[in-house]
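Everything below concerns the one structure shown next.
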Amino acid sequence: MTTLMGQLSGYAAMNLGGIDASFTASAGINRFETERRIGIGSYSGSTSADWNGWHYSLSAQAGRDIPLGSWVLRPEASLTYLSISEDGFNELALDNTAPELALFVDSRTTSALTGGASLTVSRRFDRTDSWWLPYIRLGYRGDFSSSPGETTARFGPDGNPFTLRAAELPSAGLLAGFGLAAGSDYTTFTFAYDADYRDDYVNHVLRLVLRMNF
């Protein structure tokens, strides 16, 4: 499968009496292209399809830095809503493939509202013309609501419909991460690792960011 995506995002931040808050909104369109190969005993065939989709998300974060000597504690809370939709599509039977093997798939939408809270502990080390800041983070994330992904399809235009349901992930889990930020008057480098631990599920995220000022 090939997926092409375009997205437009907006960001705003403000300080509310010592609490810094940020808001992000994103919307995008997706283009999907796929070719499915079929093998049944000595029989082989293939189908192709292309269709569109779209997605949008809204998120808000709020936190506060609490200095403790050379250390900084940062409690933070976040809320994110994400929705993903795809148009229905019909596969095209290629070459001598039987039309009855082409899938006819209905449109589908899935969404989730997720919230989390974390505590980050960091320490800043200043040098003459640079600084660096290591940190660790612990937190908790949970799904307030979600609509499970369901795909309804049929083989051929007159086939009997069937529904596939995505496996449900645990609704809450532990967040853990660590990182290092360093910079000077001209550049900022950030390395960050975060993990979302749930029953029988772990999601890892690794970020490397380099910013240069001109």
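The values are calculated or read from the model by the stated rules, or taken from the named source; none is laboratory data. It should be emphasised that the depicted structure is a prediction, and the values quoted were computed from it without experimental measurement. Cβ: placed from backbone, ideal geometry, glycine included. Neighbour counts: every protein chain shown. Remember, those area values only see protein heavy atoms, side chains included, never the ligands or the DNA or RNA. Shrake-Rupley method; radii C 1.70, N 1.55, O 1.52, S 1.80 Å.
Points worth noting:
- Annotation note: Cβ proximity below 9 Å between a residue of region 7-32 that is at positive phi and a residue that is of a type in the set (Lys, Arg) (sequence gap 6+ or interchain) occurs for 18/64.
- Cβ-Cβ under 6 Å pairs, at least 6 apart or on other chains, region 92-115 side farther than 18 Å from residue 34 by Cα, far side among the β-branched types (Val, Ile, Thr) and at pLDDT below 95: 110/84
- Taken over region 68-102, the criterion of being open to solvent by less than 60 Å² (accessible area, probe 1.4 Å) and among the hydrophobic types (A, V, I, L, M, F, W, C) is satisfied by 72, 73, 77, 89, 93, 94, 98, 101, 102.
- Options 207, 154: the member that is in a strand (DSSP E or B), over 25 Å from the mean Cα position of the chain (by Cα) and basic (Lys, Arg): 154
- Residues in region 19-56 that are open to solvent by less than 30 Å² (accessible area, probe 1.4 Å) and more than 22 Å from residue 119 (Cα to Cα): 26, 28, 30, 32, 38, 45, 46, 47, 49, 51, 53, 55.
- Scanning region 185-196 for residues that are surrounded by fewer than 14 Cβ atoms within 10 Å (Cβ to Cβ) and assigned to a strand (DSSP E or B) yields a total of 1.
- The condition of being under 30 Å from residue 211 (Cβ atoms) and touching a Pro at 6+ places or on another chain (Cβ under 9 Å) holds for only one of 180, 138, that being 180.
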